Amino acid sequence: MTDFFGKISKLFRYIMPLFYLAVGLMLLFTNVVKEESIKIRLTLGILLVAYGIFRGWRIYKDQGNQEENETTTD
């Protein structure tokens, strides 16, 4: 059962940065949320895109660390 939750957690870890990027870009380049001020949309959009990039970078960095740990312990 814990293997199932591990797989779900891993999937969630990869999907969330893409979600943050998609929502941030949607706020920046579309008028989906027309009733909000442009300042709020731009601020939130930039923050979400930056956070999505940061989370993606952390996943990439952590994968490199895991590969290093696997090769040094073998």
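Below, the figures for the structure above:
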item	result
Verdict on G6 being exposed (fewer than 11 other Cβ atoms within 10 Å of the Cβ), of a type in the set (G, A, S) and within 20 Å of Y60 (Cβ to Cβ)	yes
Enumeration of residues in the range 16-34 that are in a helix (DSSP H, G or I), among the aliphatic types (A, V, I, L, M) and over 11 Å from G56 (Cβ atoms)	A22, V23, L25, M26, L27, L28
Every residue from the range 35-59 that is among the hydrophobic types (A, V, I, L, M, F, W, C) and either exposed (fewer than 11 other Cβ atoms within 10 Å of the Cβ) or outside any helix (DSSP H, G or I) (or both)	I38
Pair list, Cβ under 6 Å, 6 or more apart: the range 36-65 residue without any contact (Cβ under 8 Å) to a residue 24 or more places away in the chain and under 18 Å from M26 (Cα atoms), other residue of a type in the set (A, V, I, L, M, F, W, C) and assigned to a helix (DSSP H, G or I)	R41/L27; L44/L27; G45/L27; G45/L28
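Taken together, the values in this text are just the output of simple stated rules run on the coordinates, not laboratory data. Note that this is a predicted model, so its numbers are computed, not measured. Cβ coordinates were reconstructed from backbone atoms using ideal geometry, including for glycine residues, and neighbour counts include every protein chain displayed.
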